[in-house]
Every structure is written in C-alpha cells, then in structure tokens.
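Chemist: Dropping a structure here in structure tokens format, bear with me for questions.
The values are calculated or read from the model by the stated rules, or taken from the named source; none is laboratory data. What you see is a predicted model; the values in this text were computed from it and never measured. FYI the Cβ positions are ideal-geometry reconstructions off the backbone, even for glycines, and counts take in every protein chain you see. Note: areas computed on protein heavy atoms with side chains; ligands, DNA, RNA excluded. Shrake-Rupley method; radii C 1.70, N 1.55, O 1.52, S 1.80 Å.
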Amino acid sequence: MSEIGFVGLGNMGGPMALRLVGAGHIPTVYDKSQTAIAEVVNAGAIAASTLEALTAKVETIFLSLPTPEVVLAVGRTIAANPGSVKRVVDLSTTGPKSEMELADILAVAGIALVDSPVSGGVAGAKKGSLALMAAGPAEHFAVVEPLLTSLGKVIRVADEPGKAQVMKLINNICSAASLAITSEAMVMGAKAGLDPDIMVEVLNAGSGRTSASVDKIPRFVLPGTFDFGFAISLSLKDIRLCLEEAERLGVPMMVGNAVRMLFAITKADFGPDADMTAVIRPLERWASVEVRRATAKGA
Ligand code: NAD
C-alpha cells in the first residue's frame, strides 16, 4: 500500500510532491488537471484516476489546493469515502474558520487533521526550504513530521487545527504589505531618476530590507518577467482571509485594508492569473514610469 496521497499538484503542490518522491516515497497523486499530474507521475508517483481511488489506497493525504471552498469540497469527498485514510495534512492557505470546519468534517469519518500551511513560494517548494507551520494532534503530527521535514523547516504552532492558519495569514499580510510599500517606494525612486538595481542594493544593505527587496522585486519585477508563481487571486484570497479574521477578533487593520485595495485593483486590471508581483504595474501606470533593469527595457 502506498502510504501517502497528494491532492493538488499546482505551482506549490507539484514541487512538494516531487520532493517527497526525491526523499524515496511513492505518493499516490490526484489533481483535476491531467497536465499537473503528468510531471509528478513521470518522476515516479502513481496517478489515481479519482479522489475515491486515492482514499482507498493511502493513510495520509496531503492537500495543496487553491481556495477554502475547494479544500472543503475535497474534504467532504474524503470523509464520505474514507477508505484507509487516517489523517489529512492541509498545506493550503485555507484560513482558520474553514480549517476548523474541515477538521469537523473529517472527524465524523474518524480522520485527523494536521493544519500545515507553508511559506516560501515556488522556489522554496522546489528547494525544500519552505517554512511549514503545523497545528494538529500530537500523535498524528509525530507521524507526518518526518515527511514535512523533507519540504522545509517545520515549526509546531499548536495542537488545534486552525491556529497554524492564523499564523500563515499573519505571515502573508506582512509579505503582501512589504511588496506593496516597496513597489510604491521604488516607483517613486524611478520617477526621481534612481537606478532600480541601486535602490535594491541600498534597501538590502539598510533598514528598508524586506522579502520584496531581497527576492520578489529584483528577481521578478526588474527583469519584467512577473513569474514569482503566486497568482494575484490567491494572494488576494489570503489578504481577505486575514482581514476577516482580524475583524472577527476585533483588531483594526488599516494598513492591511490599503494593501487589499492595491491587490484588488491589480486583479481587476491584469486578471486573476496575473502574478502577485504585478502589484507594481498599476502604480507604474499612474506614475508613467517603469521600474525595470536597463537590459529588460532593451537598452
Ligand atoms: P495552483 O492554482 O497553482 O494549484 C492548485 C492545484 O489544485 C491545481 O493543479 C488545480 O488543478 C488543483 N485543483 C483545483 N481543484 C481541485 C480539485 N477539486 N481536486 C483536485 N485538484 C484540484 O495554486 P498554488 O499556487 O499551488 O497554491 C496552492 C495553495 O498553496 C493555495 O492555498 C495557496 O494560497 C497556497 N500557497 C501558495 C504559494 C505560492 O507561492 N504559489 C505559497 C504558499 C502557499
């Protein structure tokens, strides 16, 4: 019996499933897209033709799915067809409310949930250098911890599923806000005639350093590729989940709301599949200037 199942082989799930194969496992995999399945199966995973076929074969199922709605729908199918499944590990950003609902749905079928969202992007998923924040029952966490370790650094947050999701939303609002403000500031610098690479060098040597100045802007904005690998619609989903949770807790998030607006405008202007790094583009358009490396402008 294959012990491990993996559902959702997209930008993050594909490389994470490949890491498990690289660590010597043979996961049984399922995605609604055949294209997504192909690369992982070529590397040695086994394809399941349906989710029900997968649950019949495995004890542990990893999920890396786009939205809370999809996670809950897949969770309901697993609970209705539990097969040999003992635990589900949700690597998606699902938000605490839906994660607790997922735990309840699975519990009816005697299945435990380990809530384990990830941070570090596609590059981190490929390198096995993600940050994984985990919350779930100790005995099930103990079983999956060695598997999670092959994906990156595992930090145990709590026993109750949902708590790791809160941590993930905190991480992502910080990441989105630093991208938004660094984008605004660098558009200002470009308008004033500063060289973008020099701006990045100074920020990274100084107190303005963020994940945007270290990674997202120099690697995906300055060359004009906009292919960090996180869709603006999914990033906006994370911001929305964070603001909803903050409101539920009675915590004001003025800066978070401003960030949400910029991301919503970017999605409206460039479409849901645009990369999150495209948030600089509406700002560039309004300021009539582009923040690109000279070579990326064809100079
Ligand atoms: P993605 O859209 O690239 O991949 C999602 C995959 O799920 C796709 O292959 C899709 O075909 C599959 N899928 C959708 N519905 C399905 C269903 N009903 N059954 C089976 N498969 C289904 O998304 P992603 O960027 O890989 O993100 C996945 C999750 O990880 C999201 O929750 C996201 O917020 C989170 N996340 C993404 C990043 C990133 O940088 N991309 C980083 C950290 C966390």
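Chemist: Picking from PHE263, PHE62, PHE226, which is most flexible by a Gaussian network model of the chain using Cα springs under 10 Å?
Modeler: Among PHE263, PHE62, PHE226, the largest GNM mean-square fluctuation belongs to PHE226.
Chemist: Between THR295 and ALA43, 0.36 nm times their residue separation minus their Cα-Cα distance comes to what?
Modeler: Details: separation 252, 0.36 × 252 = 90.72 nm, distance 3.62 nm.
Full-extension gain reported as 87.1 nm.
Chemist: Have a look at region 193-238 and give its Rg and Dmax from the Cα atoms, expressed in angstrom.
Modeler: Rg and Dmax of region 193-238, Cα atoms, are 12.1, 35 Å.
Chemist: Could you order ILE280, ILE265 by accessible surface area, starting with the largest, using a probe radius of 1.4 Å? Don't skip to the answer; put the middle values down first.
Modeler: Working: ILE280 0, ILE265 60 Å².
The residues order as ILE265, ILE280, largest area first.
Chemist: Per 0.36 nm of contour for each residue apart, how much would the distance between CYS174 and VAL108 grow if the chain were fully extended, relative to their Cα-Cα spacing? Write down the numbers at each step before the final one.
Modeler: Values: separation 66, 0.36 × 66 = 23.76 nm, distance 3.55 nm.
This chain segment gains 20.2 nm when fully extended.
Chemist: A further question on this structure: Taking θ = phi - 60°, what integer Hz values does the Karplus form 6.51 cos²θ - 1.76 cosθ + 1.60 yield along region 212-222, in sequence order, with x for Gly and Pro?
Modeler: Result, ordered by residue: 6, 6, 7, 10, 5, 6, x, 8, 10, 9, 4 Hz.
Chemist: Shifting gears a bit: Anyone know which of MET167, MET276, MET12 comes out most mobile in the 10 Å Cα GNM of the chain?
Modeler: So, out of MET167, MET276, MET12, the one fluctuating most is MET167.
Chemist: Return one number: the angle in degrees, 0 to 90 and rounded to the nearest 10, between the long axis of the Cα atoms of helix 68-80 and the longest principal axis of the Cα atoms of the chain.
Modeler: So the inclination is approximately 10 degrees.
Chemist: Related question: Sum -39500 (n - 2.57) across every DSSP H segment of at least 4 residues in the chain, then divide by the residue count to get the 222 nm mean residue ellipticity, nearest 500. Please report the intermediate quantities before stating the final value.
Modeler: Details: 12 runs with 151 residues, N = 299.
Per the formula, -16000 deg cm²/dmol.
Chemist: So if R0 is 22 Å, what FRET efficiency would GLU184 and ALA123 give, r being the distance between their Cβ atoms, rounded to the nearest 0.05?
Modeler: Values: r = 24 Å, r/R0 = 1.11.
Efficiency for this residue pair is about 0.35.
Chemist: On to the next question. So who's got an amide H within less than 5 Å of the one on GLY83, skipping anything under 5 residues away but keeping other chains? H placed 1.01 Å off N, in plane.
Modeler: none
Chemist: Going by Cα centres, region 34-113 and region 162-214 are how many Å apart?
Modeler: Rounded to whole Å, the Cα centres lie 34 Å apart.
Chemist: Under a GNM of the chain (C-alpha, springs under 10 Å), which listed residue has the highest mean-square fluctuation: THR277, THR50, THR60?
Modeler: Judging by the Gaussian network model, the answer is THR50.
Chemist: While we're here: Near the amide H of VAL29, under 5 Å away, which other amide H atoms are found, from residues 5 or more places off or on another chain, if H is placed in the peptide plane?
Modeler: Those lying under 5 Å, H to H, from VAL29 are PHE6, ILE46, ALA47, ALA48.
Chemist: Please compute the Cα-Cα pair-distance distribution of region 70-116 with 5 Å bins starting at 0, giving whole percents from short to long.
Modeler: Bins of 5 Å from zero give 5, 25, 40, 21, 7, 1 percent of pairs.
Chemist: Using the Karplus curve 6.51 cos²θ - 1.76 cosθ + 1.60 with θ = phi - 60°, what ³J(HN,Hα) values do you get for each residue of region 165-174, in whole Hz, with x for Gly and Pro?
Modeler: Per-residue couplings from phi come out as 5, 4, 4, 5, 5, 4, 4, 6, 5, 5 Hz.
Chemist: Hey, another quick one. Can you check how the C-alpha radius of gyration of region 205-267 compares to 2.2 N^0.38 Å, as a plain ratio? Write out the running numbers ahead of the final one.
Modeler: On the way: Rg = 13.9 Å, N = 63, 2.2 N^0.38 = 10.6 Å.
For region 205-267, the normalised Cα radius of gyration comes out at 1.31.
Chemist: Run the reach check for LYS32 against lysines, Cα to Cα strictly under 30 Å, same-chain hits fewer than 8 apart removed. What comes back?
Modeler: Cross-link targets: LYS57, LYS86, LYS97, LYS126, LYS127, LYS153, LYS163, LYS168, LYS216, LYS237, LYS267.
Chemist: Let me know the charge dipole size of region 49-113 about its Cα centre in debye, to the nearest 20, where only the beta-carbon of Lys, Arg (+1) and Asp, Glu (-1) is charged.
Modeler: On the way: 5 positive and 7 negative charges, 31 e Å.
Charge dipole of region 49-113: 140 debye, to the nearest 20.
Chemist: Along its principal axes, what span do the Cα atoms of region 106-205 show, with the longest given first and each in whole Å?
Modeler: Largest first, region 106-205 extends 62, 24, 20 Å along its Cα principal axes.
Chemist: Next question, about the same structure. Compute the Cα gyration tensor for region 1-88, then decide on rounded, prolate or oblate, letting a ≥ b ≥ c be the square roots of its eigenvalues: rounded whenever a/c is under 1.5, prolate when a/b is larger than b/c in the other cases, and oblate in all that remain.
Modeler: Working: a/c = 1.70, a/b = 1.22, b/c = 1.40.
Oblate.
Chemist: Provide Rg over Rh for the chain; use the alpha carbon set for both Rg and the Kirkwood Rh (inverse mean inverse pair distance).
Modeler: Numbers: Rg = 20.1 Å, Rh = 20.0 Å.
Rg/Rh for the chain comes to 1.00.
Chemist: Another question, then. Given H placed on each backbone N at 1.01 Å, which residues far from GLU160 in sequence or on other chains put an amide H within less than 5 Å of it?
Modeler: Under 5 Å from the amide H of GLU160: GLY136.
Chemist: Right, something else. Compute, for the chain, the length of the dipole vector about the Cα centre, with Cβ point charges of +1 (Lys, Arg) and -1 (Asp, Glu) only. Units Debye, rounded to 20.
Modeler: On the way: 27 positive and 30 negative charges, 106 e Å.
That gives a dipole near 500 debye.
Chemist: Solvent-accessible area of SER211, probe 1.4 Å, all protein chains present, reported in Å² to the nearest ten, please.
Modeler: 50 Å²
Chemist: Would you tell me the accessible area of ILE155, worked out with a 1.4 angstrom probe on the heavy atoms of the protein chains, in Å² to the nearest 10?
Modeler: 80 Å²
Chemist: Something else about it: I need the phi-derived Karplus couplings for region 138-152: 6.51 cos²θ - 1.76 cosθ + 1.60, θ = phi - 60°, integer Hz, Gly and Pro marked x.
Modeler: Per residue, the Karplus-derived 3J(HN,Hα) values read 4, 5, 7, 4, 4, 5, 8, 3, x, 6, 5, 4, 6, 9, x Hz.
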